[in-house]
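To keep things clear, I will list the structure first and then write my remarks on it.
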Amino acid sequence: MSRKGGHFVKIMEVCGTHTMAIAKYGLRNYFKGVDFISGPGCPVCVTPSSRLEQCVELARKKNVITVTFGDLLRVPAVTSSLQNELTRGADVKVIYSVYEPLNIALSNPKKEVVFLGAGFETTAPLAAALIKSAKQKKIKNLSVFSMFKSVFPAVETLCKDKEIKVDGFLLPGNVAAITGSDNFNFISDKYAVACVVAGFLKDEITDAANALIALVKNKKTEVINKYSYAVSSKGNTAAKILLNEVFFLKNDIWRGFGVIENSGFGISDKYASFDADKKFSLKKIAEPKDKCLCGQIMKGLKSPADCKLFGKKCFPQNPVGPCMVSSEGVCAAHFKYR
């Protein structure tokens with residue numbers, strides 16, 4: 001077991017919502033002798049700058065309405081951000097439902113509407129439903145810029161990395177609700193690391209953490225589902241069928257990780273007319289070097305306090321990296337609840 005910094009148990013939470021809750025409820029102080037570290041659980045944070053720059057490119061195009069959830073708005077890209085483009089006159093709209101782009105497209109038939117989608121298995125099925133619905137309704141001025149990613153290849157990358165040593169994973173209950181808890185069995189079976197699927201309330205996270213600590217102390221490597229009222233072993237069959245119909249897995253870039261095989265959700269040929277990448281022939285952009293430590297923080301190698309910019313040049317009103325912008329970002333959590 002890890003003993004870095006005097007801790008006898010090193011736990012990584014693989015969910016940005018867990019990261020925020022652990023900070024909010026002071027669970028790092030509650031669990032003595034436990035080192036909670038944050039993993040790549042924030043979809044906005046793991047989206048590389050090169051893809052964000054393509055979002056900016058889309059926003060700059062004439063007769064294009066880009067729609068997105070609020071977290072993407074202020075994340076710095078290479079040359080700008082969606083927020084900056086909005087202030088310069090770009091037609092950027094913040095939405096609260098994944099189906100809003102349908103109505104926007106119907107109300108603006110002479111414009112192209114592009115939904116900028118970032119998320120994991122939790123939100124990717126909603127985008128798949130949007131695409132399928134647009135096809136059924138024969139809406140031709142709507143497309144999706146897919147930045148959706150799969151959690152599992154990233155977790156496996158962490159397991160393979162000899163520099164990243166964790167005793168257990170606190171797993172995202174929202175992802176498991178879609179995929180099923182069985183999909184995480186490879187972590188314990190192949191890599192002998194203990195795992196617990198957790199809910200999101202304070203008591204649920206506490207209960208899951210206690211169960212995980214017990215597994216580690218007893219040297220047991222298995223996956224326990226502590227979110228059973230929402231998560232089954234097999235998951236949401238309808239959502240998985242929809243995902244497989246609309247998307248396919250492709251190699252994709254993750255901030256801090258580089259290219260991870262079969263980790264990105266690309267839009268299948270059947271729905272290619274709704275693929276913004278293909279519709280707009282977006283140019284390839286080289287991935288710049290991060291100005292901050294976001295990439296290393298999301299791999300569990302550094303903490304926000306290790307970054308010289310944290311709380312000095314980088315803070316919520318003036319973020320340098322995505323971990324300070326997103327509502328699920330580890331730097332935002334540490335800054336807000338430190």
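The values are calculated or read from the model by the stated rules, or taken from the named source; none is laboratory data. Computed from a prediction, not measured in an experiment: that's the story for all the values here. Neighbour counts run over all protein chains shown; Cβ positions are idealised from the backbone, glycine included.
Residues that are closer than 25 Å to Phe120 by Cβ and among the hydroxyl-bearing types (Ser, Thr, Tyr) were ranked within the range 280-331; the one that is surrounded by the most Cβ atoms within 10 Å (Cβ to Cβ) is Ser326. Out of curiosity, is Phe248 among the aromatic types (Phe, Trp, Tyr), touching a Phe, Trp or Tyr at 6+ places or on another chain (Cβ under 9 Å) and either assigned to a loop (DSSP other than H, G, I, E, B) or without any contact (Cβ under 8 Å) to a residue 24 or more places away in the chain (or both)? So Phe248 fits the description; yes.
Just one of (1) out of contact with any helix residue (DSSP H, G or I) (no Cβ under 6 Å at 6 or more places or on another chain); (2) assigned to a helix (DSSP H, G or I) trips up Lys138, so point out which. If we test Lys138 against (1) out of contact with any helix residue (DSSP H, G or I) (no Cβ under 6 Å at 6 or more places or on another chain); (2) assigned to a helix (DSSP H, G or I), just (2) comes out false. Under the condition of being assigned to a helix (DSSP H, G or I) and either within 23 Å of Gly119 (Cα to Cα) or modelled with pLDDT of 95 or more (or both), the residues counted in the range 217-245 number 9.
Each row is one residue, and each column tells you yes or no for (1) buried (at least 22 other Cβ atoms within 10 Å of the Cβ); (2) at pLDDT 95 or above; (3) within 22 Å of the chain's Cα centre (by Cα).
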site	(1), (2), (3)
Phe36	no, no, yes
Leu52	yes, yes, yes
Asn63	no, yes, no
Arg88	no, yes, no
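Being surrounded by 14 or more Cβ atoms within 10 Å (Cβ to Cβ) and either farther than 29 Å from Ala129 by Cα or in contact with a Pro (Cβ under 8 Å, 6 or more places away or on another chain) (or both) is not true of Leu171. Any residue at all in the range 180-193 that's over 17 Å from Val155 (Cβ atoms), in contact with a helix residue (DSSP H, G or I) (Cβ under 7 Å, 6 or more places away or on another chain) and in a loop (DSSP other than H, G, I, E, B)? For the range 180-193, residues over 17 Å from Val155 (Cβ atoms), in contact with a helix residue (DSSP H, G or I) (Cβ under 7 Å, 6 or more places away or on another chain) and in a loop (DSSP other than H, G, I, E, B): absent. None of Lys220, Lys270 is within 28 Å of Gly33 (Cα to Cα) and loosely packed, with under 14 Cβ neighbours inside 10 Å except Lys220. Would you confirm whether or not the range 90-105 contains a residue that is touching a helix residue (DSSP H, G or I) at 6+ places or on another chain (Cβ under 8 Å), surrounded by 22 or more Cβ atoms within 10 Å (Cβ to Cβ) and farther than 30 Å from Pro125 by Cβ? Within the range 90-105 (the criterion being touching a helix residue (DSSP H, G or I) at 6+ places or on another chain (Cβ under 8 Å), surrounded by 22 or more Cβ atoms within 10 Å (Cβ to Cβ) and farther than 30 Å from Pro125 by Cβ), the answer is no, since none of the residues qualifies. Lys202 meets all of the listed conditions (1) surrounded by fewer than 21 Cβ atoms within 10 Å (Cβ to Cβ); (2) assigned by TED's automatic domain parsing to the domain that holds Ile131 but one, namely (2).
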